[in-house]
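Take a look at the structure set out below.
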Amino acid sequence: MPPTSARDRFLDLVRAAVRERQLLKLTLGKYRGPDASLRNVFVRPVDLKAGPHLAFLWRHATRDVTKNHPLAAAVGELERLIGADFLDAHLFTTTQNAQLETKPDGTARLKITAAATRAASATPPSHDRAKSHVISADAGWLRALGVTNDRGQPREGMADKFRQIQKFAELLSHHLAETFGNPAGGRSPAAKDQPLRVVDMGSGKGYLTFAMAALLGDRATVLGIEARPELAELCNRVAQEHGFAPRLSFSSGQIADTPLKGCDVLIALHACDTATDDALAHGIAAGARLLVVAPCCQKELRPQLTAPAVLAEPLRHGIFQERQAEFVTDALRAMLLEWAGFRTRVLEFISTEHTAKNLMITATRARPPGSVDDEMARQIRALAEFFGIRRQRLASALEFSLSAPD
């Protein structure tokens, strides 16, 4: 019998980790497949209503795509990718870590080490082990806001909200690391004594605002801005009772009427219609290096949109008109951010089975403030002309003319 290859041994480890529910995460790198925009794939276990799945985050140059697969299908997908489209694979389990390095000629090397947080000889956890979360399920503020009970379990009707909080914290930690230089989201050593200034515009009941504050600790000051005074008061009380004050605070006000004096990170999740544009404009003006928005209720452009005659019949259905307006609005926002000097990504915030409002736009400052992209300006104007767009809130705030110059 021929000796087992390094790739086969690595895949055996992957199968065992999935089967025994010991998988923490799996990362694939050094892509050499046909999609020039694809960079990495990140895999993690998720528990859905349909049962345990693996979530694949496909990271492209300008967008992220999340797909959930049942365990057997997920393992089959990994068998297809590892050592073929991806030359590097890193496996992290509760007991050990493994790295597979594949050369272009197909030869491979496998390295296995004990997990940093658990000895390899420790007793493997059972299927009903407590799941590891970015935000601790036992956090007092989660109980105070009605998300979890005294046993650290989601309350009835709050399971989707709990997943949303965890997913948001996970995504934000990645983007903070990319933007500010280390996984904890802190700044470079030269600026480590200057806390990050984070603003959440339209913070609502504060679920994700508290998650940011918990994730960043004393590395940041976090301000939540909410139109409803009673919610701002509630969140300030919870922040005080659970040791977040004064680095976390909430203020009552409308997004459009609350200019920022300065911030590093601007968050606006589910700010309705043009409130997303107002938040983005405030963040850009305040010098933010990272913008994270999840738009909803994109109504502004719908009355303006025209389309080629070939689309007239399908667009007589209101649902298609609504989705076209969502697509055009958010595509225009992403392009305007690129024009203004940001590198943008559009991704699925959380699976549609948990919330229909699942689109997220992230933008990281890539060029100095004031610099613009003339080619992107041409593309924006071409898009506006194609759909008959004459005005758009973010374009107006950035003093960008949607009409081609004479």
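Roughly how many debye, to the nearest 20, is the charge dipole of the stretch 290-395 about its Cα centre, given +1 on each Lys and Arg Cβ, -1 on each Asp and Glu Cβ, and no other charges? Could the numbers behind the result be given before it?
On the way: 15 positive and 12 negative charges, 63 e Å.
Rounded to the nearest 20 debye, it is 300 debye.
Its Cα centre serving as origin, the stretch 1-103 has a Cβ charge dipole (Lys and Arg +1, Asp and Glu -1) of approximately 160 debye.
Taking the DSSP beta bridges with both ends in the chain, the antiparallel portion is around 70 percent. Its relative contact order, with pairs defined as Cα atoms under 8 Å and 6+ residues apart, puts the chain at 10 percent. Spatial offset of the stretch 12-73 relative to the stretch 243-311 amounts to 31 Å, using the alpha carbon center of each. In a fully extended conformation the segment linking Asn149 and Ser5 would gain 47.0 nm over its present Cα-Cα distance, using 0.36 nm per residue. Here is how the number arises for the chain: DSSP H runs of 4 or more residues each give -39500 (n - 2.57), the sum is divided by the residue count, and the result at 222 nm is -10000 deg cm²/dmol. So the label point goes 7 Å from the Cα of Thr306 along Cα→C-beta, right? Which residues of the stretch 313-338 then have their backbone N under 11 Å from it? Flagged as within label range: none. Taking the charge dipole of the chain about its Cα centre, with +1 at Lys and Arg Cβ atoms and -1 at Asp and Glu Cβ atoms, the residue from Thr364, Val310, Trp339 reaching farthest to the positive side is Thr364.
Contact order, relative form, for the stretch 1-97: 31 percent (alpha carbon pairs under 8 Å, 6 or more residues apart, mean separation divided by residue count). A crude spin-label estimate for the pair Lys111 and Arg391, with each label 7 Å from Cα along the Cβ direction, gives 6.0 nm. Label-to-label distance for Glu230 and Asp160 is 2.3 nm, based on points extended 7 Å past Cα in the beta-carbon direction. Each of the peptides 35-42, 305-312, 204-211, 84-91 was scored by the mean count of other Cβ atoms within 10 Å over its residues; in descending order, highest first, they stand as 204-211, 84-91, 35-42, 305-312. Across the options Ser396, Ala89, Phe180, the greatest Cα extent toward the positive end of the charge dipole of the chain (unit charges at beta carbon of Lys, Arg, Asp, Glu) belongs to Ala89.
Give the residue list of chymotrypsin sites (Phe, Trp or Tyr not before Pro) in the stretch 262-361 that are DSSP loop and have at most 13 other beta-carbon atoms within 10 angstrom.
Here no chymotrypsin sites (Phe, Trp or Tyr not before Pro) fit, given the DSSP loop and packing criteria.
Each Lys and Arg adds +1 at its Cβ and each Asp and Glu adds -1 at its Cβ; summed about the Cα centre, the stretch 140-397 shows a dipole of about 260 debye.
A short reminder: the numbers here are calculations on the coordinates, not readings from a lab. These figures come from a predicted structure and were not determined experimentally. Here Cβ is always computed from backbone atoms with ideal geometry, including for glycine, and neighbour counts include all displayed protein chains.
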